[in-house]
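Working notes, structure below.
We did not get these values from a lab; they are worked out from the coordinates using the rules stated. Worth saying up front: this structure is predicted, and the values here are computed from it rather than measured. When we count neighbours, we look across all protein chains shown, and the Cβ atoms used for this are built from the backbone with ideal geometry, even at glycine.
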Amino acid sequence: MRMFDPHVHMTSRTTDDYEAMANRGIAAIVEPAFWLGQPRTNAATFEDYFLSLLGWEPFRASQFGIRHFCTIGLNPKEANDPRVAAEVLDLLPRYLVKDGVVAVGEIGYDDMTPTEETYFAAQLELAATFELPVLVHTPHRDKKRGTERSLALIQDMRFPEERVLIDHNNEETLPLVLDTGCWAGHSIYPDTKMDEERMVVLVKKYGKERIIVNSAADWGKSDPLKVAKTAGRMLERGISRADVEAIVWDNPIRFFSQSGRLDLGPDDTMVDQRRQFEGNSVLRGQEPLVRS
Amino acid sequence: MSAQLEQYVYAKLAGGLHGRSRLDWLSRALAICDVQTLNAAFVLASRTIGSDVLPPSDAEALADADLACIAHGAPADELARICVLIRATRAHGDPVALATEWYRRGDNREKRAVLRALSVLDDPDRYAELGAAACRSSVQLVFEAICSSNPFPARHFSDLAFNQMVLKALFTGVPVSSIQGFDARWNQELSRMASDYARERLVAGRSVPVDIDRVIASPAAATEAS
Ligand SMILES: [Zn+2]
């Protein structure tokens, strides 16, 4: 089964992970811009990070036949840091316009400070300007309240709900999200957030509409194969193949296609057309002759 | 020379699907002299012009050899970006800073377009540092944009930069035959580097690139032998 991991921080993963993901059927991924495990002290390091999400990381993914897209944004944790926040916000327009960017994100609340709210709102406005959907991170602590406040802000700003993906949902927040027009993401984690078995229960209860699962794998204890493992578990537990495919392929594609930039065709950035015309691709992909 | 390229790109875009709107978009973009707006056009070119590849036979219609080489097998957005970059470097007080900035802040396709453009920019020698820096990219297609089917390196690289590029081509499987002006830039040091590399591979029990002989042997000797 072809699968899409719509939230995975590959920057922190190895090529072994890419290989394992490709072997399990992951054909496309979205890497959201987030923090890097420790606070950055300079806006320029954000810019280098955005550039790696647009250059180096798509190349790494392409070596394993995986299409790589990204979201660009100022994450809520570092929105609180006056050393970087304003300057990073000013950088965003330059990068939100790029081809591989399929949403603004991860944005939202973490500690639910007033500063986080300011940057959350400012980035919703940017998303409207650049006609992009948004990927909304919800806090680990006080999650239900954080989700309610996120939904309220989106409504207050009249941001189109069908262009919003609220992420990291659990049993308590999912019904709140589904009551709106927003999409609901679930991060399947080894110990925290959501697991495969609980996800099966949620799908049986709420169906497949606007439901998305991801691995949210990063530099912490996490597993980039969680989308594949969850799909497997859903099938085992009797959820139909069509519904599983909707959740792990069609839904994320429908959501991110709203950017107008989710081009799943062959990645011609990585294929030298000149090579093909000249028919001299002899050295590519095959072992050169051994001279002894 | 840039007028010739623009004409060629216009002619190419006029045909096919959405020809009219693509043409309008590019002519509007090129009518602008403001560097910021030109950069926006440069970034948006893939989504507005598309990335369909222009058939190679048409590129031969270009009288200028460099232009023909750049246009050969190039996608539409890349050629549109080259036209936009040429305009922008002429509109800007510091064209090297501009090209370097567009390269640095570009995604892989934008970076490629900057590198493909170098030899047709005014006074190209001043972009030698940018071209040599691009050879350090680990993104293979960015490296190939400067190394392969590009007249720039042979004409403007130092021996050190040129030799390093050729060695990297051998390392990464880029055919030596695709390096423009190779014979004229062949040198003893390059030959030594290639034979050391061949020896290192053989000692390790590894394969050696099929075209390494072309780098080891002097082109003059090869001509005499044949
Ligand atoms: Zn994340």
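Over region B:125-226, what relative contact order in percent results from Cα pairs under 8 Å that are six or more residues apart?
For region B:125-226, the relative contact order is 23 percent.
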Under a cut-off of 22 Å between alpha-carbon atoms, report the lysines in cross-link reach of A:K77, not counting same-chain residues fewer than 8 places apart.
A:K143, A:K144, A:K193, A:K221
What is the order of A:R141, A:R13, fewest Cβ neighbours within 10 Å to most?
A:R141, A:R13
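If you add up the charges near A:T71, with Lys and Arg at +1 and Asp and Glu at -1, over every other residue whose beta carbon is less than 12 angstrom from its beta carbon, what do you get?
Once positives and negatives cancel, what remains is -1.
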Spatial separation of Cα centroids for region A:175-254 and region A:21-84, in angstrom
22 Å
If you fit an axis through the alpha-carbon atoms of helix A:114-129 and take the longest principal axis of the Cα set of chain A, what angle between them do you get, 0 to 90°, nearest 10?
60 degrees
Could you tell me how many degrees, from 0 to 90 and to the nearest 10, lie between the Cα long axis of helix B:108-117 and the main elongation axis, the longest principal axis, of the Cα atoms of chain B?
80 degrees
What is the sum of charges, Lys and Arg at +1 and Asp and Glu at -1, for the other residues whose Cβ falls under 13 Å from the Cβ of A:A22?
+1
Against the longest principal axis of chain B, how steep is helix B:159-172, in degrees 0 to 90 to the nearest 10, with axes from Cα atoms?
90 degrees
The distance between the Cα centres of region B:91-131 and region A:124-146, in whole Å, is 37 Å
